[in-house]
Amino acid sequence: MNEKRLWNKIKKNIPKAQFTRIESSTMNGIPDVFGILCKKCFWLELKSDDVSYPALNKWQVVWINKHVKAGGIVFIFKETLLERSLKLYRPVSRFTDPRTLNPVASFSFPYNWARIQEQLVSLLREAA
């Protein structure tokens with residue numbers, strides 16, 4: 001339920017992007033959302049809970065690692081409910097333990113969505 005709320009916030013407050021929510025029961029590990037922003041395609045994994053790191057399952061770790069290795073872009077939006085914060089992660093190399101990931105940006109509640117969108121644009125331009 002919390003990830004659905006996060007999804008609704010993202011699609012409402014990042015208007016420059018085109019997002020498609022993916023519900024896949026046929027492929028383990030595929031991220032929640034496919035996005036296009038600034039002519040760049042990327043995937044978003046959404047997490048919203050009380051854990052301090054993105055609690056990815058083993059299939060998500062494998063999918064993200066393969067996608068990044070192939071040159072794809074993946075972001076993880078991690079909303080930590082107790083801290084009332086939103087962290088943005090961008091895995092750029094192979095990892096096995098999600099607790100080792102470091103956020104590239106962190107936003108406190110209430111979220112400045114214009115700043116979040118600007119951060120995404122900046123990260124996508126860097127990926128060129």
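The values are calculated or read from the model by the stated rules, or taken from the named source; none is laboratory data. Not measured: the values here are computed from a predicted model. Neighbour counts run over all protein chains shown; Cβ positions are idealised from the backbone, glycine included. Heads up: the accessible areas ignore ligands, DNA and RNA and are worked out on the full protein's heavy atoms, side chains in. Shrake-Rupley method; radii C 1.70, N 1.55, O 1.52, S 1.80 Å.
Of note:
- Condition check for Leu56: of a type outside the set (Gly, Ala, Ser) and under 13 Å from the mean Cα position of the chain (by Cα): yes
- Residues in region 1-47 that are buried (at least 19 other Cβ atoms within 10 Å of the Cβ), without any contact (Cβ under 8 Å) to a residue 60 or more places away in the chain and either of a type outside the set (Val, Ile, Thr) or within 14 Å of Thr80 (Cα to Cα) (or both): 8 in all.
- Verdict on Asp50 being over 18 Å from Trp7 (Cα atoms) and among the charged types (D, E, K, R): no
- Qualifying position, being outside any helix (DSSP H, G or I), of a type in the set (Lys, Arg), modelled with pLDDT of 95 or more and touching a Leu at 6+ places or on another chain (Cβ under 9 Å), among Lys78, Lys87: Lys78
- So Leu123, is it surrounded by 17 or more Cβ atoms within 10 Å (Cβ to Cβ), modelled with pLDDT of 95 or more and closer than 15 Å to Ile10 by Cα: no
- Search result, residues across region 77-104 that are open to solvent by 40 Å² or more (accessible area, probe 1.4 Å) and in contact (Cβ under 8 Å) with a residue 24 or more places away in the chain: Leu81, Leu82, Glu83, Arg84, Arg90, Val92, Ser93, Arg94, Thr96, Arg99, Pro103
- Selection of region 90-117 for residues being over 23 Å from Cys41 (Cβ atoms) and outside any helix (DSSP H, G or I) yields Thr96, Asp97, Asn102, Ser106, Phe107, Ser108, Phe109, Pro110, Tyr111, Asn112.
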